[in-house]
Amino acid sequence: MGRHPMPAVNLLEVRGVSKRYGAVVALRSASLTVAAGEVHALLGANGAGKSTLVKILTGVIRPDAGTIEMSGRPVRFASPASAPRAGLAAVFQDPSLVPDLTVRQNLRLTGADPAGVRRWLAAMDLGVDEDDLAGDLPLPLLRILDLARALAREPRLLILDEITAALPADLVERVFHVIRRWRAQGRSVLFISHRLVEVRTICDRATVLRDGADVGTLVLAERAEQQIVALMLGPMAASPEALRPAGPGAGTRPDAAVRDRAGGASAAPLLLEARGLAVSGALRGVSLSLRAGEIVGVAALEGQGQDALFDCLAGNRRADAGEIRVAGRTLAPRTPYDAIRAGVVLVPADRVHALLPQRSVRENIALPLYNRAARWGPIDLRDEGARAGAAIARLAIDTRAQRQVRRMSGGNQQKVVVARWLAAGFRVMLCFDPTRGIDVGTKRQIHRLLRDLAAAGAAVLLFTSELPEIPLVCDRVLALYEGRVVRELPARAADEATLLRVVHGLAREEPPG
Amino acid sequence: MTGPPAPGAAGRRPIAALRAVRRSAWTVAIVGLLGALLAVEKLVHPTLNVFDMQSLVDGALPLCLAAMAQTAVVLSGGIDLSVGPMMSLVNVVSALLMTHATNGQAVLIALGLMAVAAAAGALTGAVIVATGVPDIIVTLATGFVWGGLALHIMPIPGGAAPAGFAALMTGELGSVPSGLVVILAALAILWEPVHRSPAGLALYAVGSNRAAAYLSGVAVGRARVTAYAMGGAFAALGGFALTASTTNGNAAAGTSYTLTSVAATVLGGVSLAGGRGGMIGPVAAALLLTLINTLLTFEGVDPNFSLVVQGAIVVLVVMVAGLVLVRRRGA
């Protein structure tokens, strides 16, 4: 590289980086520049190549072609251990603290300066007992600790990959506070997030990736969101209805339970009722009811009992007290199998836990079918194929990588989880943060899909960590706070400001009970 | 280092000592169980004396060292099915080399063999890391290699060891069985320096969560190779224990120790998933298993049946621990 006549050398300069896995091209040719003292967003739909680029920048994988320069000097990373030497530190999507070591040992493991970590934690008004095992700490705190550890290295470029995904709103604010301080010191951040509101709040510029290449870099002024979405979606944005499936009857066969009826709101039959569900330390008497054709949202900050609520309903966990009725019949599920038989199915937050990563799309979809006594004996491959095929078509699943689900993008994996229950049939779908870490385009599809399911007579209980989703998708919303339903609102009244107040336990107008 | 109390830390701070006991509850329990069993034996057989204690340690020494070898590897998230055959091989080679050796030469030979065994372990680890072939398969294969070599070198038992060398491992030092001294020395000289170093931290980290360790910048491959090298060195010590106790070489002497070492490791509170546990627990478990065996033999129980009892105890203890864990999680 000769010296080029540039006024200011960019801190990070990525040019034409590409990476392929076998036949799958993850990155075609991505370029990116981050200036000193800039918070730069890296955006793109799922499968656009963001994670691959981050992995390359942090030395987790090596690119096939292209160059990376830090302050004009080419760098090459052999492993995650070598990126910090070039002045890069990253907070990955998955916590990188080792669970069986104490916090102190974890810091020692990476050679982090404990005093620096403490200082950054204090800057976020947080602290941890350093003799606690990392595995005993709640997930949001682990992310923050990861962040403090990265900051303590004083890197020139900090890479934050979906750091806010697992954080409650108040912690996000503290993270932003630290990022602003960081920028004020003339340092840079590469910020990866699906939450456009956050991107607009904290970032200066954004680079958008699509199909493994950069399609534009823009300054985040007012009204940049539409532009970003347009760039991310490309031609797809022009016809948002293109993915709507053919109506029932045209090839797709809605399952009996779903087909049941498409009733009007309050006259529709009650599909799920819970009375006084309690789990020690998590739930303190939660009651709710879902009618056919209804989507009920659950809004809550991290750790307000939503996990326990969904676990109880899905049969993952037994409630200490309370009653569950499904379509009028009492259900006391001892295992998820019991709940599934009654027609209550779960789409969990962690897709990896819901899927068999090494098996095909078809097997993943057909998995619950194998459970039925009538299906013991040889598997009817034709029936299985038909059901799976119908579900794949209905959800517009991208099946290019269908031989192994683990090779698919996150959004497509989520669709496979939903498709499984479409093929198996259900009455009530429990969706726990189904759009976490999923791109805008796929998110829209999932929203539409949930509405379709409801229109076809199913009931959906949806917990989401993204409050703006609630008025978009739900009919009603329940706000959980400290294990209780503190408020129930019609979705149209649930604008973000109201919800934020409610989930923080403010504005408690209707006392529970 | 006692830094300033973390700002905003949770109000309740358990006392450090209490927490240490709770975290190593299993080790404490196993050592307690061993003590209780010794006390019972003392009550039932008041004639128990130092000599009995020493014969217990002598009998348990190979298993103790085998368990330490296995533990080093299991802590790093692996498993080593070549521990037993490696002990046989070291037993055979040392008995051959020491046949006409003086005590001093024997010690030198032992040190040399230990280095070779550690290198062999490191090689095994390197193969596992470099090829990505599962450890269970690689170590099964290397186990065949070591066992076959042992048989090739010494088809029928033979060789010898100088009395002084034998006494070093199976005699007594003052009134302490020298086997205990060997174990403590191995812990102090071989294990603790690694355990307390960054390499030891890396070994636990890699066993606990390999992906997180890798993302934290830990040299995962090096940590795993270190674990297998430690395993090789401990297995060599186990081989010497066989040589010392029988004063000859036998290519079949170590065979049974592969699986019993896994049993002692598990019974000693080391998580087979890696990352959790220590060395004291497995050593205590090895002594416990040997003591039970001795007691049963003493009571005239058919030795074949005493294996049934040993196996049942392992299953029972692990089962109870599992139930306790499930209950604690459920609460």
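Residues being of a type in the set (S, T, N, Q) and not in a helix (DSSP H, G or I): count how many of those fall in region B:266-317.
Going residue by residue through region B:266-317, those that are of a type in the set (S, T, N, Q) are B:271, B:290, B:293-294, B:297, B:304, B:306, B:310.
Adding the requirement that they be not in a helix (DSSP H, G or I) leaves B:271.
Qualifying residue count, region B:266-317: 1.
Filter region A:56-76 for residues that are part of a loop (DSSP other than H, G, I, E, B) and away from chain B (no Cβ under 11 Å); which is nearest to B:LEU215 (Cα to Cα)?
Applying the filter and picking the extreme gives A:ILE61.
Under 20 Å from B:MET114 (Cβ atoms), of a type in the set (A, V, I, L, M) and touching a Pro at 6+ places or on another chain (Cβ under 9 Å): does that describe B:LEU242?
So B:LEU242 fits the description; yes.
Give the residue that is modelled with the highest pLDDT, with candidates limited to residues of region A:96-114 that are more than 7 Å from chain B (Cβ to nearest Cβ) and not in a helix (DSSP H, G or I).
Ranking the qualifying residues of region A:96-114, first place goes to A:THR102.
Find the residue count for region B:163-198, including only residues that are buried (at least 18 other Cβ atoms within 10 Å of the Cβ) and within 14 Å of chain A (Cβ to nearest Cβ).
Going through region B:163-198 one residue at a time, the tally reaches 1.
Out of B:THR102, B:THR139, B:THR124, I need the residue that is among the hydroxyl-bearing types (Ser, Thr, Tyr) and over 22 Å from the mean Cα position of the chain (by Cα). Which one?
Residue meeting the stated conditions: B:THR102.
Would you pick out the residues in region A:115-169 that are surrounded by 17 or more Cβ atoms within 10 Å (Cβ to Cβ), farther than 21 Å from A:GLY87 by Cα and more than 11 Å from every other protein chain (Cβ to nearest Cβ)?
Within region A:115-169, A:PRO140, A:THR164, A:ALA165, A:ALA166, A:LEU167, A:PRO168 qualify.
For region A:432-469: of the residues being part of a loop (DSSP other than H, G, I, E, B) and of a type in the set (S, T, N, Q), which is nearest to A:LEU171 (Cα to Cα)? Show your work before the answer.
Step one: list which residues in region A:432-469 are part of a loop (DSSP other than H, G, I, E, B), which gives A:433-439, A:456-458, A:464-468.
Pick out the ones that are also of a type in the set (S, T, N, Q) and you get A:435, A:464-465.
On the way: A:THR435: 20, A:THR464: 17, A:SER465: 13 Å.
Within region A:432-469, the match that is nearest to A:LEU171 (Cα to Cα) is A:SER465.
Select, from B:ALA202, B:ALA227, B:ALA212, the only residue that is small (Gly, Ala, Ser) and more than 14 Å from chain A (Cβ to nearest Cβ).
Of B:ALA202, B:ALA227, B:ALA212, the one residue that is small (Gly, Ala, Ser) and more than 14 Å from chain A (Cβ to nearest Cβ) is B:ALA227.
Identify the single condition in (1) farther than 30 Å from A:VAL60 by Cβ; (2) in a helix (DSSP H, G or I) that B:ILE156 does not satisfy, given that it satisfies every other one.
(2)
Name the residues in region A:48-92 that are among the polar types (S, T, N, Q), more than 20 Å from A:ALA152 (Cβ to Cβ) and in contact with a strand residue (DSSP E or B) (Cβ under 9 Å, 6 or more places away or on another chain), would you?
Answer for region A:48-92, where residues must be among the polar types (S, T, N, Q), more than 20 Å from A:ALA152 (Cβ to Cβ) and in contact with a strand residue (DSSP E or B) (Cβ under 9 Å, 6 or more places away or on another chain): A:SER51, A:THR52, A:THR67, A:SER71.
Where in region A:115-217 are there helices (runs of 4 or more DSSP H), lying wholly inside it, with at least 1 residues that are under 26 Å from the mean Cα position of the chain (by Cα) and of a type in the set (Phe, Trp, Tyr)?
By residue number, A:169-184.
Among the residues that make up region A:254-264, is at least one of them surrounded by 16 or more Cβ atoms within 10 Å (Cβ to Cβ), modelled with pLDDT of 90 or more and not aromatic (Phe, Trp, Tyr)? Step through it out loud before you land on a result.
Restricting attention to region A:254-264, the residues satisfying the condition of being surrounded by 16 or more Cβ atoms within 10 Å (Cβ to Cβ) are A:254-255, A:257-258, A:260.
With modelled with pLDDT of 90 or more added as a condition, the list becomes none.
There is no residue in region A:254-264 that is surrounded by 16 or more Cβ atoms within 10 Å (Cβ to Cβ), modelled with pLDDT of 90 or more and not aromatic (Phe, Trp, Tyr).
Select, from B:GLY207, B:GLY148, the only residue that is modelled with pLDDT of 95 or more and either more than 14 Å from chain A (Cβ to nearest Cβ) or buried (at least 21 other Cβ atoms within 10 Å of the Cβ) (or both).
Residue meeting the stated conditions: B:GLY148.
Tally the residues that are touching a helix residue (DSSP H, G or I) at 6+ places or on another chain (Cβ under 8 Å) and in contact (Cβ under 8 Å) with a residue 24 or more places away in the chain, restricting the search to region B:131-144.
5
Could you tell me whether region A:372-388 includes any residue that is closer than 16 Å to A:ALA349 by Cβ and not in a loop (DSSP other than H, G, I, E, B)?
The answer is no, given that none of the residues of region A:372-388 is closer than 16 Å to A:ALA349 by Cβ and not in a loop (DSSP other than H, G, I, E, B).
Just need a number here: residues in region A:183-220 that are aromatic (Phe, Trp, Tyr) and either in contact with a helix residue (DSSP H, G or I) (Cβ under 6 Å, 6 or more places away or on another chain) or surrounded by fewer than 20 Cβ atoms within 10 Å (Cβ to Cβ) (or both).
0
So that you can scan it fast, the table gives a plain yes or no per residue for (1) modelled with pLDDT of 90 or more; (2) in contact with a Cys (Cβ under 9 Å, 6 or more places away or on another chain); (3) surrounded by 24 or more Cβ atoms within 10 Å (Cβ to Cβ); (4) closer than 19 Å to B:MET169 by Cα:
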residue	(1), (2), (3), (4)
B:ASN248	yes, no, no, yes
B:GLY254	yes, no, yes, yes
B:ALA264	yes, yes, yes, no
B:SER271	no, no, no, no
B:LEU287	yes, yes, yes, yes
B:THR297	no, no, no, no
B:GLY322	no, no, no, no
B:ARG328	no, no, no, no
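Tell me which residues, restricted to region B:80-108, are out of contact with any Pro (no Cβ under 6 Å at 6 or more places or on another chain) and more than 16 Å from B:GLY249 (Cα to Cα).
If the condition is that a residue be out of contact with any Pro (no Cβ under 6 Å at 6 or more places or on another chain) and more than 16 Å from B:GLY249 (Cα to Cα), then B:ASP80, B:LEU81, B:SER82, B:VAL83, B:THR102, B:GLY104, B:GLN105, B:VAL107, B:LEU108 are the ones that fit.
Take residues that are of a type in the set (Asp, Glu) and tell me which of the helices (runs of 4 or more DSSP H) falling wholly in region A:305-354 contain 2 or more. Give the derivation first.
Details: elements: A:306-314, A:336-341, A:351-354.
Those helices (runs of 4 or more DSSP H) span A:306-314.
Test B:ALA110 against the criterion of being surrounded by 16 or more Cβ atoms within 10 Å (Cβ to Cβ) and closer than 24 Å to B:ALA161 by Cβ, and give yes or no.
yes
Name the one entry in A:ALA366, A:ALA391 that is at pLDDT 75 or above, part of a helix (DSSP H, G or I), among the small types (Gly, Ala, Ser) and under 30 Å from A:SER465 (Cβ atoms). I'd like the intermediate steps shown before the answer.
On the way: A:ALA366 fails: under 30 Å from A:SER465 (Cβ atoms).
On inspection, the qualifying residue turns out to be A:ALA391.
The values are calculated or read from the model by the stated rules, or taken from the named source; none is laboratory data. Model, not experiment: these values are computed from the prediction. Backbone-built Cβ (ideal geometry, glycine too); neighbour counts: all protein chains shown.
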